[in-house]
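Asker: Quick one: the structure is below, questions incoming.
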């Protein structure tokens, strides 16, 4: 898994930007730039593979607030960028072809709620006390469903809630015409998606410069 197809990365970053409410990504040579505008992340660059553009940015950038993302293993990235860059735990860029939603019920005492705004479906799982214990978001770009920020509170894991949440997102995506799915999974989440039929395309490494200590 040395890199990912650029057209799939472009589709994914376009969906990510829609869900996060940022401006659309712009081409930056062989990668993509998103002006996030958050206090801890002004700009992020995403690359389908390691490139001269990525390494040049890593050499030139010296202040925090800019994130570099690349579809490459962390051990490959580590030797190419200065030590001031802190590498986050690696993820996996994944794809699922032919989304086929299943009817996966929640355990007793839990329920789903869905909100839709500007083509984005946001689904949460509530416990019996009405506390939100799981969330996920999906948007469809060019017949591809981009899934983002899927998470279950640690006190409610291993109950099948994650599978039911992803199934609900699948239903929402297929209703909007999605044919395939794209996401970046954390290392703990990769096992769930693999069990649901997702395939890894590339390892995904994120890095940033840590802000100075006060």
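Asker: Going through region 138-152 one residue at a time, which ones are under 10 Å from the mean Cα position of the chain (by Cα) and either buried (at least 21 other Cβ atoms within 10 Å of the Cβ) or at negative phi (or both)?
Answerer: Matches in region 138-152: 146, 147, 148, 150.
Asker: Let me ask something else. I'm trying to understand the selection: among the residues of region 190-211, which are in a loop (DSSP other than H, G, I, E, B) and either buried (at least 16 other Cβ atoms within 10 Å of the Cβ) or in contact with a strand residue (DSSP E or B) (Cβ under 9 Å, 6 or more places away or on another chain) (or both)?
Answerer: The initial filter retains those residues of region 190-211 that are in a loop (DSSP other than H, G, I, E, B), namely 196-198, 210-211.
Correct list: 196, 197, 198, 210.
Asker: What number goes with the only condition from (1) under 27 Å from residue 204 (Cα atoms); (2) without any contact (Cβ under 8 Å) to a residue 24 or more places away in the chain; (3) outside the structural domain of residue 33 (by TED's automatic domain parsing) that residue 113 does not pass?
Answerer: The number of the failed condition is (1).
Asker: Does region 65-74 contain at least one residue that is at positive phi and assigned by TED's automatic domain parsing to the domain that holds residue 166?
Answerer: no
Asker: Kindly establish whether residue 108 is in the same structural domain as residue 40 (by TED's automatic domain parsing), without any contact (Cβ under 8 Å) to a residue 12 or more places away in the chain and either loosely packed, with under 14 Cβ neighbours inside 10 Å or closer than 19 Å to residue 164 by Cα (or both).
Answerer: No, not satisfied.
Asker: Would region 170-189 turn up any residue that is within 12 Å of the chain's Cα centre (by Cα), free of Cβ contacts under 8 Å to residues at least 40 places away in the same chain, closer than 16 Å to residue 18 by Cα and crowded, with 23+ Cβ neighbours inside 10 Å?
Answerer: So far as region 170-189 goes, no, none of its residues is within 12 Å of the chain's Cα centre (by Cα), free of Cβ contacts under 8 Å to residues at least 40 places away in the same chain, closer than 16 Å to residue 18 by Cα and crowded, with 23+ Cβ neighbours inside 10 Å.
Asker: Further, regarding this structure: Residues in region 74-92: is at least one under 18 Å from the mean Cα position of the chain (by Cα) and more than 30 Å from residue 164 (Cβ to Cβ)?
Answerer: So far as region 74-92 goes, yes, one or more of its residues are under 18 Å from the mean Cα position of the chain (by Cα) and more than 30 Å from residue 164 (Cβ to Cβ).
Asker: Of everything in region 37-59, what is surrounded by fewer than 19 Cβ atoms within 10 Å (Cβ to Cβ) and closer than 25 Å to residue 143 by Cα? Give them in sequence order.
Answerer: Selection gives 49 alone.
Asker: Could you please let me know if residue 25 is touching a helix residue (DSSP H, G or I) at 6+ places or on another chain (Cβ under 7 Å) and at pLDDT 95 or above?
Answerer: yes
Asker: From (1) exposed (fewer than 14 other Cβ atoms within 10 Å of the Cβ); (2) touching a helix residue (DSSP H, G or I) at 6+ places or on another chain (Cβ under 6 Å); (3) touching a residue at least 60 places away in the same chain (Cβ under 8 Å), pick out the condition that doesn't hold for residue 120.
Answerer: Here residue 120 meets the rest and fails (1).
Asker: Another one. Please tell me if residue 19 is free of Cβ contacts under 8 Å to residues at least 60 places away in the same chain and surrounded by 14 or more Cβ atoms within 10 Å (Cβ to Cβ).
Answerer: no
The values are calculated or read from the model by the stated rules, or taken from the named source; none is laboratory data. Note that the structure is a prediction, hence the values are computed from the model and not measured. Cβ coordinates were reconstructed from backbone atoms using ideal geometry, including for glycine residues, and neighbour counts include every protein chain displayed.
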